[in-house]
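*Asks:* Pasting a structure below so you can have a look.
The values are calculated or read from the model by the stated rules, or taken from the named source; none is laboratory data. Source: prediction; values computed, not measured. Cβ placement follows ideal geometry from the backbone for every residue including glycine, while neighbour counts extend to all protein chains displayed. To get the accessible areas, we keep the full protein, side chains included, count just its heavy atoms, and leave off ligands, DNA and RNA. Shrake-Rupley method; radii C 1.70, N 1.55, O 1.52, S 1.80 Å.
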Amino acid sequence: MIKSNMGPENNNQKQNLTAWLMSGLFGILSGIFLVFGYQLEKYDNVNFKDAGTYALILCFAFILTIDVYYVWNNYDGARQGKKTLWLCDY
């Protein structure tokens with residue numbers, strides 16, 4: 001008889017996808033708000049024609065998304081009783 005892997009593994013994939021989507025949304029919105037907020041403070045307007053603006057938004061979004069994803073996983077692991085030290089389990 002073949003065992004099905006549809007139970008906990010499928011739920012884990014769903015949680016992993018949710019973590020990436022939520023951290024991605026946070027990263028994109030935070031990048032936009034940081035760049036536009038800086039431009040509004042410095043120049044009193046937002047320059048939509050500048051390619052550097054969009055590149056900076058993408059850089060911030062990428063960095064913040066990865067950071068928030070790993071922080072989210074560490075908080076979730078701590079909530080479930082998993083002890084983590086930086087990136088290594090002990």
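*Asks:* For VAL35, VAL71, give the ranking by accessible area with the largest first, probe 1.4 Å.
*Replies:* From most exposed to least exposed: VAL71, VAL35.
*Asks:* Full extension from LEU34 to GLN15: what is 0.36 nm times the residue separation minus their Cα-Cα distance, to one decimal in nm?
*Replies:* So the extension gain works out to 4.0 nm.
*Asks:* Residues of segment 58-77 with backbone nitrogen within less than 14 Å of a virtual label 7 Å along the Cα-to-Cβ line of MET22, please, listed as ranges.
*Replies:* 68-77
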